[in-house]
Amino acid sequence: MRRPAPCTRRSSPKKSPQLKSEESVGAPGKNAKPGSSRRRRAGWLALAGGAALLAIGVFAYAQQAAAPQKSALATGGQAAPSAQAGGQSAQAEASPSPEQTGGGKDGTAAQGGGGSGNGGGGPAKPTGLMAAAVGRDEAGQAILGKLLTAQDQAAPSLLFKSPRLGNWIDWVKAGTPIAKVDAPSDRAAASVDWYDSGWCPCGTAQDAKPTAARIASWKPLQEGKLVLRSAMIAYKQRTGKWPASPKALAAAYPNNIMSGWNPEQTAWFGELSAELSAKTAAAGAAAGWPNETGPADGNGAPAGTLAALAEQPIEIVIDKTRHRLAVISGGVLLRNYEVGLGAKDTPTPEGSFVISEKVRNPNGSATGAFGSRGMTLSDTLYAIHGTDEPSSVGKDESHGCARMNKQDVEELFDLVQIGTKVTISKGGAARRAARAGEALQAEACAERDQPRQKIRMARLNRMPARPATD
């Protein structure tokens, strides 16, 4: 059992090391000295008094810990969403591809596997909320207060830092641990393990490395959940109904709403589909957030400044002033790529669009004028694509399309779906680029069915020397 660090607060006192067993404090024997009974009574009285003082201290700490919530309620703060995760983790077999996975009326995967280790469909290890805060300001204290009083969690919740990048919450940089909060319903007060001495009332902190590693393994799996949830929403908007199976999302071109499928998404799809198809589901219910299946490392619903991930689908914002393409979910900035845009005579259009087509290796080549990936905007002659002129990225030299570097456009292709909203304007994105250390990548499952599709483009008639460029 892990020994609590000095700044760990517990809701129940430990057993005193001076407390003897029942056998040793029984009635005195024949050889007991006179007065021993009085000494024993005095010892019991002292022990009872110490326990009472400790109980008063724990109660006072609980009142102090819950204070941030009172402040939040007074200022109209909103509660972080909660999620109940149950069951036990189990070693899973690899999940099947969409072609091998069925989807009945209940939406569950026919061959989703039985465990959580590699994304099977069985129950995963319970985890509380994964909440983020910008700083120890009023908003941050309110988020902490919600965790301290959220007694419906099956396991401890984590609080970590999420810095700002411009007006956005920086998802890439989020993850520095602040505290672990355990607030089970059978305790009068929460217990807190502090990892940031600036937040801890005691001014000390525990080793944060194991918790930081836990957060780092949790974040990529949330991206996979967000991609799946966004794809299901896009499919519903496109067809008027929820997808019946994973194959409906990761289908062959031109119905490749998702660019591929990762094994853990099979279990998540079954969980979301079961919720949406349940008799108790409200009419017009939105897709939820999978939190009871799949890899145990991915469990724990986003909360605090990251709550939007479980509520808003993926969108794209292109800032013509800063030459940035931002991938967002609500107020959370997932990625911020550098892009090349239209020249003065052929400007990139402004307005609202959607991704209407996704193509691998446009014109049959990964090294051509459009690079290895292309995404058409609202069936127009404009697109987001790669380039064979990487030096033009960050400049205004295209014929209206958005050019991206190879690694960036390939990651974007896997992050967004057909139907993703794209807003192009002057301003809106952060100045600094934001990329993950390891790019998200989906396992392509329908690429073999794609024809040598040519991506359409805007071009100038006065440039016949290079008609295939954007």
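Derivation of every value follows stated rules applied to the coordinates shown; laboratory data play no part. None of the values given here were measured: they were computed from a predicted structure. A quick note on method: Cβ atoms are made from the backbone with ideal geometry, for glycine too, and the neighbour counts reach across all protein chains shown.
Some values worked out for this structure:
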read-out	value
Region 315-449, Cα convex hull volume normalised per residue, Å³	108 Å³
For T348, distant residues with modelled amide H under 5 Å away	G342
Reduced Cα scattering model of region 182-339, Debye log10 I(q)/I(0), q = 0.08, 0.19, 0.20 Å⁻¹	-0.32, -1.27, -1.34
Residues R136, R360, R229 arranged by fewest to most Cβ contacts within 10 Å	R136, R360, R229
Virtual spin-label span in nm between E311 and A274, 7 Å along Cα→Cβ	2.6 nm
Sites S391 and D152, calculated FRET efficiency, Cβ-Cβ separation with R0 56 Å, nearest 0.05	0.55
Close Lys-Lys pairs in region 315-449, where close means Cα under 21 Å and separation is 8 or more or interchain	11
FRET E, pair Q237, N363, Förster distance 30 Å, beta-carbon r, rounded to 0.05	0.55
Inter-site label distance for A216 and S197 at 7 Å from Cα along Cβ, in nm	2.3 nm
Pairwise label distance in nanometres, A343 with S378, each label 7 Å out on the Cα-Cβ vector	2.5 nm
